[in-house]
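The values are calculated or read from the model by the stated rules, or taken from the named source; none is laboratory data. A quick note: this is a predicted structure, and the numbers were derived from the prediction, not measured. Reconstructed Cβ throughout: ideal geometry from the backbone, glycine too, with neighbour counts over all protein chains shown.
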Amino acid sequence: MNRQSHPSSYLTNYRASASQLVQRQATKILIPNGSITQRKIADTIRNSSQIGKATAIQRMARQAVGGLRQVAQRNKHKKRFLNVITLGIRKAYVNNKRANRAAQNGPVHIQPLIDPVEEFATAYEKSRYYHKTHADNLNSIDQTGLLNYTDRQKILGHDVGGMSMLGGEFAGDEKKGVFLGPKKFMVENKMTNHVIRAFLPADRTKTHMWFNEDQVPSHELMYDEKFRGGAVITKDSIFGPNVSASAMGELLENDDPKLQSILAAVATHYEGNAPDVPTMKNHLRSAIHARRLSNAAFDNV
């Protein structure tokens, strides 16, 4: 049986084939996105005219794409809303986790960088005090130290005038002990001309007010009532190894044994462990060279 002998059968088969082809194309396009079922595609094709099948499928595709866009937009807003709601919870969780990790690892301490020469100079200045006297007393003080009234009588056999040589209201001061002062006080008060350096360890530099004189330990310091906030008095003597009338550079150049005692006193004023004596000598030399510390002797502090 050929196609010409049965034209109506041929047309029916052709239309059926065309419908199947269109349905397969629509299925391939629309079903994978999950928006239109196989049955809906078949019903649309069957109820449409042969010429309008493509138009019907295009309309369905547009509707499907529009629906997908609406779903995507709703999902986007939903995700954004959930992010806002859970942000505080997630942030608290992360902070708590970091805090726990930090607690397990222990705190991290970053030590500041410290210039070793500056560190030495700071300790040196805490240890150093000044005493002024007359030229005739320099050699004796340099050898035996700054002596209180009792030790002057015991060691020297006589009294030695120092800053009390002016007499008057200052005449009895040195019987209380050894009269000292910081650099500023010595520069501003020109009672005598020549300066002695005395170096005290940290346990001798605690300073008390004058009205507690009877309670002040003899090795510690007390403000002098006549120079409130300036001069201080120590009841105990400061012996020769911790006293110098020489330039500090001269002590370094001659490797004077006094440097051992002086630097031992300076070492007690370090915040942490002090370096060894050779290192501190180098720091002293550097500080003098940089004019951070004074090198002058006698009449220049």
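Values as computed for the structure displayed
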{"item": "Matching residues, region 251-284, being charged (D, E, K, R) and either closer than 28 Å to Gln215 by Cβ or in contact with a strand residue (DSSP E or B) (Cβ under 9 Å, 6 or more places away or on another chain) (or both)", "result": "Asp256, Lys258"}
{"item": "Ser218 part of a helix (DSSP H, G or I) and either among the polar types (S, T, N, Q) or not assigned by TED's automatic domain parsing to the domain that holds Gly177 (or both)", "result": "no"}
{"item": "From the options Phe211, Phe185, Phe179, residue that is of a type in the set (A, V, I, L, M, F, W, C), closer than 30 Å to Tyr270 by Cβ and at pLDDT 80 or above", "result": "Phe179"}
{"item": "Test: Lys258 is under 20 Å from Leu147 (Cα atoms) and basic (Lys, Arg)", "result": "yes"}
{"item": "Subset of region 116-147 (residues that are hydroxyl-bearing (Ser, Thr, Tyr) and modelled with pLDDT of 95 or more)", "result": "Thr122, Tyr124, Ser127"}
{"item": "Test: residue in region 201-209 that is more than 14 Å from Gly181 (Cα to Cα), of a type in the set (Val, Ile, Thr) and surrounded by 15 or more Cβ atoms within 10 Å (Cβ to Cβ)", "result": "no"}
{"item": "Ala274 among the hydrophobic types (A, V, I, L, M, F, W, C), part of a helix (DSSP H, G or I) and in contact (Cβ under 8 Å) with a residue 60 or more places away in the chain", "result": "no"}
{"item": "Pair list, Cβ < 6 Å and 6+ apart or interchain, from region 244-256 residues that are closer than 15 Å to Lys132 by Cα to residues that are of a type in the set (Val, Ile, Thr)", "result": "Ala245/Ile196"}
{"item": "Residue in region 161-175 that is assigned to a helix (DSSP H, G or I), modelled with pLDDT of 85 or more, in the same structural domain as Thr205 (by TED's automatic domain parsing) and buried (at least 20 other Cβ atoms within 10 Å of the Cβ) present", "result": "no"}
